[in-house]
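J.: Shown below is the structure under consideration.
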Amino acid sequence: MKLNKYTISEASEGDLGDIEKFFRDNDLSLKDTKLFRWKYLDNPFGKARIFTIRNDNLEIKGMVAYLPRICVKPNSERFLIMQAVDVFIAPEARGQSLYNKLSRYAVDRLKVPTYGFANKITERIALRAGRKILCSMTSWYFPINIGQILHSSKLKFVGALINFISKMYGYFWLYRGGKQIEIRKISKFRNDFRVKRGYSYFERTADFLNWRFIDNPRQKYDCYEFLCQGEIIGYCVCKIKDAIAEIYDFITSKYERACLRTIIERFRKEKIGYIVFKCVGMNLIRYGFIKGRVYTNITSHNISTKLYFTLCDSDWD
């Protein structure tokens, strides 16, 4: 597709070297070859489809990539969705509506629904390009040892009191009988998992979870499995920093409350102050989670079904 002095086209494997150079020239995160190839080539659902803008000198001045995901409806019907990632237009090519044209060109050729996690800048660009806001992802909080944030020796008594109140809060919401759940830390996923919420969801195969979390060269995660009488019934993926546990994914086939209780008790022993869980489609109020602000909006093209989202479904670390 020719636009004045620019040409839009879909990249082939022969273009990957030029795309890597584009990342290096603009000091973007994927300038690291290992990270670049992990993200675009190693996804078990398929290789990324990348669309570029080149100038008359054949230099890349803009791009967008789409990662393939398999979506499963509540009736078990499966279909392909592409996730938009890594939108970037070089500074000298901005202000010419090139992204709008690039996005429309890509969507016309993909011929499948698409979605993307948007920051404030990319959201405005995506809406101008004809995408819609599918849903908003909210931050949810659960106190565990809130007193951990009080480091001053003069406030130790207050901190201990707040920790006690946090513990009682957890008992009130989560200790209502139920099964005894075992939790174990894992270094590799061996099971596929389904989401049972009445929402459509993205497949969580063992291969995908290992690619997304275990083999991720950019970030290290803590991964846990939940077991009931020896049966693996779910998992939780977290990133822990500064006494805060951020949940990136949480899936159980049953005993959801008991699994939450189990992971929270583990975090309590590890002196975690609180949990933050950013998601769409999970009723966390009934477990005592406190609703925070909207974290981000998710934009889409041609998606009508309700989807369950966690940070697992983003490319953000």
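J.: So how do Lys167, Lys241 line up by other beta-carbon neighbours within 10 Å, fewest first?
T.: Lys241, Lys167
J.: Return the sequence-ordered ³J(HN,Hα) values of the stretch 203-210 in whole Hz as given by the Karplus equation 6.51 cos²θ - 1.76 cosθ + 1.60 applied to θ = phi - 60°, using x for Gly and Pro.
T.: Taking θ as phi minus 60°, the curve returns 4, 10, 7, 4, 4, 5, 5, 5 Hz for the stretch 203-210.
J.: For the pair Ser136 and Tyr169, what calculated FRET efficiency results from E = 1/(1 + (r/R0)^6), where r is the Cβ-Cβ distance and R0 = 35 Å, to the nearest 0.05?
T.: For R0 = 35 Å, the calculated efficiency reads 0.85.
J.: Between Asn4 and Leu28, how high is the FRET efficiency from 1/(1 + (r/R0)^6) when r is the Cβ-Cβ distance and R₀ = 25 Å? Nearest 0.05.
T.: The computed FRET efficiency comes out at 0.50.
J.: Quick one: go through the stretch 275-317 and flag any residue whose amide nitrogen is under 18 Å from the point 7 Å out along the Cα-to-Cβ line of Arg176.
T.: From the stretch 275-317, the list is 282-291.
J.: Something else: What Kirkwood hydrodynamic radius do you get for the chain when you take the inverse of the mean 1/r over all pairs of distinct Cα atoms, in Å?
T.: 21.4 Å
J.: Report the extension gain between Arg78 and Lys196 in nm, rounded to one decimal, defined as 0.36 nm multiplied by the number of residues separating them, less their alpha carbon distance.
T.: 41.0 nm
J.: When all C-alpha to C-alpha distances in the stretch 1-107 are sorted into bins of 5 Å, what percent of pairs does each bin hold, rounded to whole numbers?
T.: For the stretch 1-107, the binned pair fractions read 2, 11, 23, 23, 18, 11, 6, 4, 2, 0, 0 percent.
J.: Search the structure for amide H atoms under 5 Å from the amide H of Lys306, placed 1.01 Å from N in the peptide plane, and list their residues when 5 or more places away or on another chain.
T.: It is Ser200, by chain and number.
J.: Among the listed pairs Lys220/Lys278; Lys21/Lys61; Lys47/Lys132; Lys220/Lys291, give every one whose C-alpha distance is greater than 21 Å.
T.: The answer is Lys47/Lys132; Lys220/Lys291.
J.: Using amide H atoms built 1.01 Å from N in the peptide plane, name the residues 5+ places from Val195, or on other chains, whose amide H lies under 5 Å from its own.
T.: Residues meeting the criterion, in which the H sits 1.01 Å from N, do not exist here.
J.: Additional query: If you keep only loop residues by DSSP, which trypsin sites (Lys or Arg not before Pro) in the stretch 64-161 have at most 12 other Cβ atoms within 10 Å of their Cβ?
T.: Within the stretch 64-161, the qualifying trypsin sites (Lys or Arg not before Pro) (loop, at most 12 other Cβ atoms within 10 Å) are Arg94, Lys111.
J.: Long-range amide H contacts for Ala11: which residues qualify at under 5 Å (H placed 1.01 Å from N, peptide plane, sequence gap of 5 or more or a different chain)?
T.: Ile50, Phe51, Thr52
J.: Over the stretch 138-296, how many percent of alpha carbon pairs lie in each 5 Å bin up to the one with the longest distance?
T.: In order of increasing distance, the bins hold 2, 9, 17, 21, 22, 16, 9, 4, 2, 1, 0 percent.
J.: Okay, next question. Which lysines have a Cα lying under 17 Å from the Cα of Lys179, excluding residues fewer than 8 positions away in the same chain?
T.: Once the sequence-local lysines are set aside, what remains near Lys179 is Lys254.
J.: Show me, for the stretch 218-225, the HN-Hα J-couplings you get by feeding each phi into the Karplus relation (A = 6.51, B = -1.76, C = 1.60, θ = phi - 60°), rounded to Hz, glycine and proline as x.
T.: Here the 3J(HN,Hα) series is 9, 9, 9, 10, 9, 10, 10, 10 Hz.
J.: Still on this structure: Pop out the ³J(HN,Hα) list for the stretch 248-257 in order, Karplus 6.51 cos²θ - 1.76 cosθ + 1.60 with θ = phi - 60°, rounded to Hz; leave Gly and Pro as x.
T.: For the stretch 248-257, the Karplus-derived couplings read 9, 7, 8, 9, 9, 8, 6, 6, 4, 4 Hz, x marking Gly and Pro.
Every number here is computed from the coordinates shown, using simple stated rules; none is lab data. Just so it is clear, the structure is predicted and the values come from calculations on it, not from any experiment. Every residue, glycine among them, receives a Cβ derived from its backbone with ideal geometry; neighbour counts consider all protein chains shown.
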